[in-house]
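Derivation of every value follows stated rules applied to the coordinates shown; laboratory data play no part. From a predicted model like this one, the values you see are computed outputs, not experimental measurements. Here the Cβ positions follow ideal geometry from the backbone for every residue, glycine too, while neighbour counts run over all protein chains shown.
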Amino acid sequence: MGPVEAFIRGMAVTGRQFIATITGKGLVTTRYPKVMREKPQRFHGRHVLNRYEDGMEKCIGCELCAGACPARCIYVRGADNPADDPVSPGERYGFVYEINMLRCIFCGLCVEACPTEAITHTQLFEMSTTNRSDAIYTKTELLVDGDGQPNHMFDTDRFADLGELAKADGWMRATSSQGRAAYEGQVAWSGSAGVGVRPPERGQSELPDESAADSEGDDG
Ligand code: SF4
Ligand code: SF4
């Protein structure tokens, strides 16, 4: 192939790609942020702190999430619940709760460690800031309102889709954190303010046929 022919063939490839780009045909990418891709149910986005359906905070200030965090980016302080006006069920509540999102690697270990399903991931990942202090999320931003409405550091940010923040229970609806099939279809989590008790994850709503599993075991 001569240099002129190679040049023409190369320009033909470029031209095809150019036309595909401006017409939108054959694109494998999404026109973000105009088009938001639907994310997996268990997407690890920005966290929220949940409330029970009666508005009580789920966090009991136990600090297990902070202990499990490999990035050391959670700071929790527990305090005794006021006897006449408790914040959470039980003895204590999360008095201080902060996550440094600059350090967070969104591994989900805090969510796995939490005994009360207080902290969960949402589907929102738009958290860019122009200074470090805005990356420290406190209870003000993390804790949902009494009706379950999530909060955001920049609620006027056009990329801050509160609908993405409301999708916060995906991980709970997995088979189980241990992956045991025996938990399929079993609701083993508490209801949350604003959304109630979420059903099991799609495709895992049916209880397994234990008799079939038994006979398979017999065969083996
Ligand atoms: S997602 Fe991982 S890194 Fe981020 S706060 Fe939770 S445990 Fe820490
Ligand atoms: S979020 Fe969960 S693990 Fe962390 S302090 Fe609160 S109750 Fe404990």
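With a sphere of radius 13 Å drawn around the Cβ of Glu141, what net charge do the other residues whose Cβ falls strictly inside it have (Lys, Arg +1; Asp, Glu -1)? Please list the in-between numbers first.
Details: positive: Arg46, Lys139; negative: Glu98, Asp134, Asp145, Asp155, Asp157.
Charge balance in the 13 Å sphere: -3.
Lysine pairs in the chain 8 or more apart or on different chains: how many have alpha carbons under 21 angstrom apart? It would help to have the intermediate numbers written out before the result.
On the way: Lys25/Lys34; Lys34/Lys167; Lys39/Lys167; Lys58/Lys139; Lys58/Lys167; Lys139/Lys167.
For the chain, qualifying lysine pairs total 6.
Rounded to the nearest 20 debye, what is the charge dipole size of the chain about its Cα centre when +1 sits on each Lys and Arg Cβ and -1 on each Asp and Glu Cβ?
Values: 23 positive and 32 negative charges, 328 e Å.
My answer is approximately 1580 debye.
Going toward the positive end of the dipole of the chain, with +1 on Lys and Arg Cβ and -1 on Asp and Glu Cβ, which of Gly90, Met56, Gln41 do you reach last?
It is Gln41, whose Cα lies furthest towards the positive end.
Please get the size of the charge dipole for region 47-168, origin at its Cα centre, with Cβ charges of +1 on Lys and Arg and -1 on Asp and Glu, quoted in debye to the nearest 20. Let's see the in-between values first.
Details: 10 positive and 20 negative charges, 117 e Å.
Here region 47-168 has a charge dipole of around 560 debye.
Using a 7 Å offset from the Cα along the Cα-to-Cβ direction at both Asn100 and Glu112, what is the distance between the two label points in nm, to one decimal?
2.3 nm
Please report, in cubic angstrom per residue, the volume enclosed by the convex hull of the alpha-carbon atoms of the chain. Don't jump to the answer; show the numbers that get you there.
Working: hull volume 52.5 nm³, N = 220.
Per residue, the Cα convex hull of the chain comes to 239 Å³.
When the chain is fully extended, how far beyond the present Cα-Cα distance does Ser133 get from Asp147, taking 0.36 nm per residue of separation?
Working: separation 14, 0.36 × 14 = 5.04 nm, distance 2.78 nm.
Once the chain is fully extended between Ser133 and Asp147, it gains 2.3 nm.
Taking the Cβ-Cβ separation of Arg16 and Ala181 as r and a Förster radius of 41 Å, what is the calculated FRET efficiency to the nearest 0.05? Working shown, then result.
Details: r = 49 Å, r/R0 = 1.19.
About 0.25, to the nearest 0.05.
Could you work out the helix-only [θ] at 222 nm for the chain, with each DSSP H run of four or more residues adding -39,500 (n - 2.57) and the total divided by the number of residues, to the nearest 500 deg cm²/dmol?
Working: 6 runs with 50 residues, N = 220.
Mean residue ellipticity at 222 nm (helix-derived): -6000 deg cm²/dmol.
If contacts are Cα pairs under 8 angstrom and at least 6 residues apart, what is the relative contact order of the chain in percent? The partial results should precede the final answer.
Working: 344 pairs, mean separation 44.5, N = 220.
Taking the mean separation of contacting Cα pairs over the length of the chain, I get 20 percent.
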